[in-house]
1. Between Q351 and E639, what is 0.36 nm times their sequence separation minus the Cα-Cα distance? Round to one decimal in nm.
2. Please list, or write none, the lysines whose alpha carbon is within less than 22 Å of the alpha carbon of K352, excluding same-chain residues fewer than 8 places away.
3. Count the lysine pairs in the stretch 676-755 whose Cα atoms lie under 21 Å apart, taking only pairs 8 or more positions apart in sequence or on different chains.
4. Across the stretch 702-719, in residue order, what do the Karplus-derived ³J(HN,Hα) couplings come to in whole Hz, using 6.51 cos²θ - 1.76 cosθ + 1.60 with θ = phi - 60° and x for Gly and Pro?
5. With a/c under 1.5 counting as rounded, go ahead and sort the stretch 218-289 into rounded, prolate or oblate using the C-alpha gyration tensor (a ≥ b ≥ c being the square roots of the eigenvalues; past the cut-off, prolate if a/b is larger than b/c, else oblate).
6. Any idea how far apart E91 and L720 come out in nm if each label point goes 7 Å out from Cα toward Cβ?
7. For every other residue with a beta carbon closer than 14 angstrom to the beta carbon of E384, add +1 if it is Lys or Arg and -1 if Asp or Glu, then tell me the sum.
8. With just the Cα atoms of the stretch 87-155, tell me how far they stretch along each of the three principal axes, in Å, largest first.
Amino acid sequence: MKVLIVGGVAAGMSAAARLRRLDEQAQIVVLERSPYVSFANCGLPYYIGGIIRERSQLLLQTPASLKASLDLDVRTGHEVLAIDRKTRRVEVRETTSGRVYHESYDKLVLCPGALPLRPTLPGIDHPSILVLRNVPDTDAIKAKVDAGAKSAVIIGGGYIGVEMAESLKARGLEVDLVEMLPQVLPPIDPEMAWPLEEHMRAHGVRLHLGTAAAAFRDAGGGRVRTELHNGTTIESDFVMLSAGVRPDVELARAAGLELGPHGGIRVDEYLRTSDPDIYAAGDAVETPHRILGGSWLIPLAGPANRQGRVIADNLAGRPTKWIGAIGTSIVKVFDMAAGSAGANEKTLKRQKIPYRKVYIHPGHHAGYYPGAAPMHIKVLFAPETGKILGAQVVGFEGVDKRLDVLATAMQAGLTVFDLEHLELAYAPQFGSAKDPVNMVGFVASNVLRGDLDLWYPEEFPEKTGDGVILDVRSPSEYELGHVPGAINIPLPELRSRAVELPRTKPIYVYCKVGFRSYLASRALRQRGFHVRTLAGGFDTFRAWHRGSLDDSEMRRAEEHYVEPALSAKASAPPPPQALTGRVFSVDCSGLQCPGPVLKLNAAIQPLAPGDELDVTVSDPGFLADGPAWCRANGHELVEIRAEGPVVRARIRKGAPKASATSATAALPRKQAMVVFSDDLDKALAAFVIANGARAMGMEVTMFFTFWGLNILRKSQSPPLKKGALDRMFGLMMPRGVDELKLSKMNMLGLGTAMMKHVMAKKNVHSLSQLMEQARVSGVKLVACTMSMDVMGIRREELIDGVELGGVGMFIGESSESRATLFIG
Ligand code: FAD
């Protein structure tokens with residue numbers, strides 16, 4: 001059997017190599033137009049960027065090596081011009097000599113790949129407009145960069161476009177990336193692309209989204225002026241076109257082979273074309289989509305390579321079916337990774353396929369182990385069965401692992417209920433005992449079981465107007481930005497303040513990522529409220545509404561969250577402080593919100609105005625919180641940037657009297673709290689809020705009364721002369737933080753011990769640590785003298801730093817405060 005293969009890279013070489021392994025007798029001829037065979041096209045951007053140092057590393061094989069190892073007749077520089085199906089011959093041109101000859105076949109395999117799209121625009125033939133598909137293209141782009149190009153415009157924000165943006169930035173070029181859609185990476189949904197866009201901007205890539213190139217003009221000296229539809233013009237040393245690919249089907253079309261609805265070669269389940277002697281594979285063919293049904297173009301290396309193998313099996317007499325593809329793909333963008341598998345939401349909508357969706361934003365491994373990086377996961381699933389329809393994962397570490405598990409689950413036809421039970425590898429360096437994949441299963445299953453009623457960012461504001469939007473985050477988080485019109489009742493206060501909520505209207509509850517709001521929704525639902533929880537929390541909300549809302553509250557959120565580095569520069573800076581030249585550093589990594597700002601607050605306090613502080617934070621929210629915190633406290637943000645999974649900032653300490661921002665100037669800068677309870681959980685909540693408010697520059701007074709006084713008691717009190725009643729009272733009540741119990745689930749102390757263990761494991765500060773932070777940061781702790789008297793508690797029994805005060809003092813503080821919180 002003589003087999004001719006057209007195209008000697010992914011699909012073609014896979015077919016050739018496997019066929020030889022299966023059939024030692026077959027005559028196998030590979031005809032490849034370009035000078036190279038079996039090269040690593042997926043590595044091309046990284047050679048330009050200098051990560052792959054040697055050009056030879058891209059060239060995996062040569063005709064000689066393939067002859068030696070597999071006895072293949074590989075002819076590079078041989079282009080197939082035509083197929084004569086009647087005589088079963090192809091016409092071939094040797095590109096160097098121009099010689100044309102004919103080659104016969106018993107079976108022909110077409111693997112010609114795809115061609116880069118070149119939009120028909122004025123000036124598109126400018127010699128400095130380049131594409132990247134093969135090694136000669138790579139050489140041309142690299143030659144430009146090596147010759148000292150300073151700037152490039154990339155047209156197209158797909159996988160190759162963003163990879164090239166990174167590579168060209170690595171070579172020191174100014175990079176503008178133009179994408180017609182309002183997002184980069186079209187295979188994922190826009191709200192999932194947002195963190196990547198932020199990350200690219202943070203690395204200096206200028207993104208022009210939602211606009212397209214209109215024309216190219218010669219700018220002299222080999223440079224190009226790119227004109228965009230939105231009126232922007234950009235001059236650059238060269239332009240790289242990565243506006244997508246189309247299947248290369250000219251040979252097939254001219255030979256009368258059938259094409260599919262998307263213009264690719266139509267093949268059957270054995271990858272035979274409409275001519276049974278001609279097979280086809282790779283970017284040039286249409287493949288069944290295992291989720292969406294129908295035939296689709298899925299131009300990826302994995303399917304191309306596997307199709308090549310399937311063809312070899314069939315040629316070697318082992319009938320093998322091609323089962324289709326789901327388009328699993330991943331890309332690295334600077335320090336981030338993003339990938340998707342199956343269908344995205346845009347396509348499901350277009351195809352009118354019913355779906356539900358959930359988002360989660362977990363850490364990539366256990367939070368208590370250093371270096372946990374944030375991750376965003378979106379899963380789409382069938383409303384009736386829970387069958388997984390699509391998955392998107394974006395983050396820094398562990399993205400590939402979650403995506404591959406979800407892709408495998410999808411191909412096995414698993415449901416979101418199955419994800420709950422998947423047993424996955426776990427140690428704190430790699431994941432969590434409840435892996436993000438399990439978590440997404442829990443959330444989606446809760447939705448399908450009716451335990452969780454979700455609302456979505458796109459329902460705001462039209463569909464949420466009939467109810468109350470409830471933010472259950474801390475006041476300091478709320479202050480940094482919230483859903484316009486939302487009221488704030490922090491989760492710890494929700495049960496006691498539920499009476500403030502209407503029972504006749506829906507409550508649209510949310511928090512940062514969806515966990516606290518889930519707890520809130522369960523609590524409220526069981527009290528008879530009609531509650532819905534925001535899918536993915538405020539993180540997903542602001543990604544969805546980026547730049548589209550004009551409300552001042554959201555703008556504040558956007559100012560903080562969308563382009564923190566830029567907004568920090570744009571906002572009115574505090575009066576400049578003369579530099580002292582002293583630079584200090586503080587590492588706030590591994591801490592959960594509001595831990596970083598608390599530690600930062602403590603670190604900056606002893607410094608002098610003009611001193612500088614280098615801060616490292618692993619919570620990505622600090623990109624937003626940092627600038628807001630500086631503004632609120634009158635410090636200057638010298639710079640802030642994402643460096644891999646951490647955020648680094650340099651802050652110059654401002655004048656001692658912090659000046660409030662215009663957004664907050666009108667509001668009182670005081671917060672009063674009444675702490676009535678000595679339950680451990682309530683005490684924790686009280687101190688978390690107090691420290692958060694203090695970190696935001698507010699004056700905080702905590703007024704401890706009745707049982708709340710027990711929080712302030714020393715564990716060992718000095719010997720005091722007391723009456724019998726007072727002594728008895730003292731013995732019956734908890735003495736200090738170590739004896740406090742949970743208000744619920746205490747279970748003879750087991751629940752309390754468990755809570756302390758979990759808090760320690762998750763890096764959440766203990767109550768004593770929170771109290772110490774409060775004391776050091778200047779939170780005023782006031783013991784109510786009247787209650788002390790009633791309960792027989794003496795001054796000497798209280799911890800150091802507590803002031804004594806009566807109702808007059810409390811009323812004074814309370815009336816100057818923006819709100820008084822009652823913790824009871
Ligand atoms: P190709 O590998 O393109 O091979 C087709 C070959 O056929 C070409 O060499 C061409 O010269 C030859 N040919 C065409 N017509 C003729 C003719 N008439 N006569 C002779 N020879 C002919 N995919 C991923 O999954 N992950 C990635 O990270 C990734 N990165 C990529 C990065 C870049 C820069 C590029 C360009 C592609 C990337 N891809 C990636 C896509 C992946 O490379 C393709 O999906 C895959 O190579 C397709 O295989 P193929 O065999 O169909 O086509």
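1. Working: separation 288, 0.36 × 288 = 103.68 nm, distance 4.56 nm.
Once the chain is fully extended between Q351 and E639, it gains 99.1 nm.
2. K378, K387, K463
3. Working: K682/K714; K682/K741; K682/K744; K714/K722; K714/K741.
Going through the stretch 676-755 pair by pair, I get 5.
4. Coupling constants for the stretch 702-719: 10, 9, 8, 9, 6, 4, x, 4, 4, 4, 8, 6, 6, 6, 10, 8, x, x Hz.
5. Numbers: a/c = 4.15, a/b = 3.12, b/c = 1.33.
Verdict is prolate for the stretch 218-289.
6. The two pseudo-label positions are separated by 10.6 nm.
7. +3
8. 53, 26, 20
The values are calculated or read from the model by the stated rules, or taken from the named source; none is laboratory data. What you see is a predicted model; the values in this text were computed from it and never measured. Please note: Cβ atoms are built from the backbone with ideal geometry, for glycine as well, and neighbour counts cover all protein chains shown. Calculation scope for accessible area: heavy atoms of the full protein, side chains included, ligands and nucleic acids excluded. Shrake-Rupley method; radii C 1.70, N 1.55, O 1.52, S 1.80 Å.
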